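One structure is given below, encoded as structure tokens.
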Amino acid sequence: MYRATGVAPRGAEFDYFPYHQTVLHHASGEYVDLPGFTEDLSQCTSESELPTAAREYLRFVADFVGVPIALVGVGPGREQVIWTESSHGMVASPDGSFAE
């Protein structure tokens, strides 16, 4: 969500990226504070092993963007990728996209 404070009517809200750069220059983002976590995630192999705050963060992001999160990287290695609960039932297409 963006709030315009200049060119567009003061206090105008946009659910999408502002329509013109002059609006963007006078817009400010709306920030949401979420609980943080300090645990090492690199050994997690399933979504249930992630700290509660990390799982809540993933839910928040998925709800906010309206897209389920299928994969979570917890480190640089290929084996450090967690397939989430949302990914069950998804099938990879030849072009790399997913379909249910």
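Taking Lys and Arg as +1 and Asp and Glu as -1, the other residues whose beta-carbon sits under 9 Å from that of ILE82 total -2.
Distances between placed amide hydrogens fall under 5 Å for ALA27 paired with THR5, all partners being 5 or more residues away or on another chain. Taking label points 7 Å from Cα along the Cα-to-Cβ direction, HIS88 and TYR19 give a separation of 4.4 nm.
Contact order, relative form, for region 17-93: 26 percent (alpha carbon pairs under 8 Å, 6 or more residues apart, mean separation divided by residue count). Straightening the chain between HIS26 and PHE60 buys 9.6 nm, computed as 0.36 nm per residue apart minus the Cα-Cα spacing.
Bear in mind these aren't lab numbers, they're just calculated from the coordinates by the rules spelled out. What you are looking at is a predicted structure, and each value in this text was computed from that prediction instead of being measured. Every residue, glycine as well, gets a Cβ built from its backbone with ideal geometry; the counts of neighbours run over all protein chains shown.
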